[in-house]
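Before any comments, here is the structure.
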């Protein structure tokens with residue numbers, strides 16, 4: 001039997017050596033916050049289906065200071081996730097050409113952000129309009 005040991009490259013912290021990989025790992029990590037918020041909303045829908053008392057209990061829990069802090073943390077993480085996602089738009093879309101000129105990547109990112117903000121504001125208007 002051979003006493004030779006093969007070289008095994010350490011995988012510990014490989015992503016910390018390149019800023020691109022750090023940003024990528026943080027982006028992927030913030031996806032967990034998206035999942036967490038999805039679970040919060042899913043519990044809300046389940047409570048709504050369980051009746052008025054369960055729904056009111058869930059609404060009361062959502063108004064606690066700890067829940068508000070939790071939602072602010074989720075908002076920051078999801079906003080960062082969206083920011084990094086929109087930064088990927090120019091890399092994932094085919095080159096856009098308008099009037100014979102290639103559209104700059106920053107214009108594509110701005111268009112994505114604008115569409116996202118307009119959609120969010122429209123949703124708020126619809127929800128507040130229904131609630132009023």
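The values are calculated or read from the model by the stated rules, or taken from the named source; none is laboratory data. All figures in this text were calculated on a predicted structure; none of them were measured in a lab. A quick note on method: Cβ atoms are made from the backbone with ideal geometry, for glycine too, and the neighbour counts reach across all protein chains shown.
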Have a look at 73, 46, 118 and point out the one that is in contact (Cβ under 8 Å) with a residue 40 or more places away in the chain, closer than 24 Å to residue 31 by Cα and loosely packed, with under 13 Cβ neighbours inside 10 Å.
73
Check on residue 20, out of contact with any strand residue (DSSP E or B) (no Cβ under 9 Å at 6 or more places or on another chain), surrounded by fewer than 10 Cβ atoms within 10 Å (Cβ to Cβ), at pLDDT below 95 and in a helix (DSSP H, G or I)
yes
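Would you mind stating whether residue 128 is at pLDDT 85 or above and surrounded by fewer than 10 Cβ atoms within 10 Å (Cβ to Cβ)?
Values: at pLDDT 85 or above: yes; surrounded by fewer than 10 Cβ atoms within 10 Å (Cβ to Cβ): yes.
Against the criterion (at pLDDT 85 or above and surrounded by fewer than 10 Cβ atoms within 10 Å (Cβ to Cβ)), residue 128 qualifies.
Is there a residue in the stretch 2-23 that is in contact (Cβ under 8 Å) with a residue 60 or more places away in the chain and outside the structural domain of residue 113 (by TED's automatic domain parsing)?
First pass over the stretch 2-23, keeping only residues in contact (Cβ under 8 Å) with a residue 60 or more places away in the chain: 23.
Now restrict to residues that are outside the structural domain of residue 113 (by TED's automatic domain parsing): 23.
Yes, there is a match, as at least one residue in the stretch 2-23 is in contact (Cβ under 8 Å) with a residue 60 or more places away in the chain and outside the structural domain of residue 113 (by TED's automatic domain parsing).
Yes/no matrix, rows are residues, columns are (1) in contact with a helix residue (DSSP H, G or I) (Cβ under 9 Å, 6 or more places away or on another chain); (2) surrounded by fewer than 12 Cβ atoms within 10 Å (Cβ to Cβ); (3) at pLDDT 90 or above:
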residue	(1), (2), (3)
51	no, yes, yes
55	yes, no, yes
63	no, yes, yes
68	yes, yes, yes
86	yes, no, no
91	yes, yes, no
94	no, yes, no
